[in-house]
Every structure is written in C-alpha cells, then in structure tokens.
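Bear in mind these aren't lab numbers, they're just calculated from the coordinates by the rules spelled out. Here the structure is a predicted model, which means the values were calculated and not measured. Here the Cβ positions follow ideal geometry from the backbone for every residue, glycine too, while neighbour counts run over all protein chains shown.
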Amino acid sequence: MKQMWRRSGAGRFKGGKKVLALLLVMMLMAVAGCSKKEEAQPVSSQNVKGQQVELKLAHFWPSTHPAETQLVQPWAAEIEKASNGQVIITSYPGESLIPAAAIYEGVKNGRADIGISCFSYTRGQFPVSEVFELPGITYNNSQVASRVAWEGIQEFNPKEVQDTKLLMVLTTGPGDLYTKKPVRKLEDLKGMEIRATGLSAKTLECVGATPIAMPQSDAYDALSKGMVKGNLGPIEVLQGWKQAEVTKYITKSPFLYNTLFFVTMNKDKWDSLSPENQKVVEEVTAKFFDEVAAGLWDKQNQEAMNGAIKENQMEIITLSPTETKRWIKLVEPVQANYVTQMSKFGVDGQKTLDRVKELADKYNQQYK
C-alpha cells in the first residue's frame, strides 16, 4: 500500500509540474500579446479630434479696453469656431490672473497658457527686442510700427523669446507726453516725474525728466494723487485708461516712444495641441494680426482725439522745429548705447538697427 501511495503521489506531482509549466507558458504569451498591443497603440500627449482643451489667457488691460473687446475676444471666438470647438480660450483681463510685469514668466512656467503684455515691463530680459522701442526712429503710426516689429523679430529670432511659442507682436506706435503742467521746452520737463517703463525711462532721463516705472494700470491713481506729474504713451491711454481726467496738456513728441507687446503661449501647451489645431491657431492669429492687431492703436488714438481729449478740453502743444532738434539730439546716445550693448550677446547691433530703419522706411511708404 505504501508503494502504491508513493507511486500515485509521484504521478500527481509530475502531472502538477506539467500543469504549472503550461500555465507559465500561457502567462508569458499573454504578457507578450499585451506588449505588442501597447506598441501598436502608443499613448499621445496631443489633443485628438473631439477632445476639448481650454487655454487660460492673462493680460493687464481692463475688460472694457479695445485690446480685450476688439482683439482678444473676437480672436478667441474665431479660433474656437475654426477648431470646431476643440480649442477654447478664456480671457482673464485686468491682471486678474497674473500681474502685468509677471505675465511672460507666468506663461513660461504654466501659470497661464497664453499671455499678452509689454516686453518693456521687464527691462533687460528682452535686450535684442529693445531695438523696436529706440527713440529717434520714425513710425507714421502703429500699423507701421507693428509690421516692422513682427517682420523684424521673426527675421532676427532672438534667443530671448524662444522659451515660449511667440504667436505675434503688436505695438502702440508713436506716443506723446501727457502732463498736469505744460511742457513747451526742455526746461519745463527738467526733474518732472513721468510714468514710463523700459527703454522709455532711459529716454526720459536723457531729456531731463525723472522716470517712474509702473504699468498703465497704476498710472491713473498715481496721476490723481500727484505721485507722478505726467505719462509718456500713446494717445489712447487718455481714453482707454481715462487719463484725460487727470492730465491737462499733450506735448507732441512721437520721436520718444513706441511700446512693443507680445502675444505668446506656453511651449508645452502648444506642443500638446494636435498639428491641425496648431495650424488653426497660427492661421487665425495671422489673420487677426493683419486685420486688427497691427492697426489697433491707430483706431484707439483717433477715438481718443474725438472723444476724451475734446471732452476734457486738453491743450495740444506742438514743439517748434528748433526745440524738436534739441530733444532729438539728446536721445541719440540711446541708439549708440544699444549698438554697444548688443556685442555682449553676440549680436551685430548696428546691423540690427539698420535693418529696423530699412523696414520702417518700407512700411512708412505703405501706411502713411
């Protein structure tokens, strides 16, 4: 009986080994099959057809400003329509998401998906791009200045803007001085506290003023409280930012000013869009640059001239030819300094400056 039990036990053990081996083979085949399936159907980080993505857009203008009502909202609506509802852009105006000076970094690190603000709010971070804000270069209007800047920045492709996906740039075009007291000659400006940012601050120092750095969103309160005595900027601020209520005089000085805005997108978020939706964004953006953004400030400036400036009975001061030459002579070193500084970044500053002047001549002929 013992022998029978042992034989029977041994038989069961041998049979069990066969079953176990068979199970192992089946498991290995199943794992191999799963691996092949995974290889055949890789996971993609890009949004696909029918998948919706919401993009948060940060900017500093109030919700009633034309930059929001005439550019951002229609542009976002067109992208949503052209992408069949797959790309939704939600705007956060008035610094409600990110402060004006932190918007570029906010887009870079993902706090916002898209951002619009001024390069000049963080002077020194965008050294090559300062060429478009140099005093002494003549732009007939914002249409000219915007086209010069967008063509130039695409041509130069500076490293400073390669850490985000730059969608377009636009400009205010030439600006003027708006003050509480009249400025008819250089001596009137000496020591006067004027709101300015970026290169405009350096320009004001050259003509004897005292620049005070702050975004446009703070200028009204600063003017009303006497913290500053004037502002340097496009005429539209007198209406869009209601600064005609807190200033009295306009001194025409278009050779002092041009401000460059960026419209840029977080790189990872851009890469996550499908190629089809990337194409939609680029095509709609190109259309809106051409039809809306490039000349947006010209339209606003004209509306301010017909509206807030007349309503508040502001006095417009035109400098004499002799006085104009005095001012321009004083700001010439700003261009020379730009050329010198560019050598630190391995950039031919003179070549860059000359090219911008060529583009300005070209577009001044087209948009007079």
- Message: Give me the tail of P(r) for the chain as a percent: Cα-Cα pairs with distance above 38 Å.
- Response: 30 percent
- For segment 205-263, just the Cα atoms, rotate onto the principal axes and tell me the three extents in Å, largest first. 32, 26, 21
- Message: Suppose we take every Cα in segment 150-230 and form the convex hull; what volume per residue is that in Å³?
- Response: 125 Å³
- Query: For segment 107-255, with equal point scatterers placed on the C-alpha atoms only and solvent neglected, what are the log10 I(q)/I(0) values from the Debye formula at q = 0.08, 0.19, 0.21 1/Å, to two decimals?
  - Reply: -0.24, -1.20, -1.38
- Note on the structure: Percent antiparallel among DSSP beta bridges confined to the chain, nearest 5, equals 50 percent
- Note on the structure: Of Ile89, Ile317, Ile98, the most mobile residue in a GNM of the chain (C-alpha springs, cutoff 10 Å) is Ile317
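Using unit Cβ charges (K, R positive; D, E negative) and no other charged atoms, how large, in debye to the nearest 20, is the dipole of the chain about its Cα centre? Each step should come with its number before you reach the end.
Values: 45 positive and 41 negative charges, 478 e Å.
That gives the chain a dipole magnitude of about 2300 debye.
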- Please identify, among Pro254, Pro158, Pro174, the residue showing maximal mean-square fluctuation in a Gaussian network model of the chain using a 10 angstrom Cα cutoff. Pro158
- Item | Length gained when the stretch Lys329-Lys279 is fully extended (0.36 nm per residue, less Cα-Cα span) | 13.3 nm
- Item | Entries in Lys185/Lys248; Lys242/Lys267; Lys190/Lys344; Lys202/Lys329 that, when Cα-Cα distance is taken, lie over 24 Å | Lys242/Lys267; Lys190/Lys344
- Given the peptides 262-272, 146-156, arrange them by the average over their residues of other C-beta atoms within 10 Å, most packed first. 146-156, 262-272
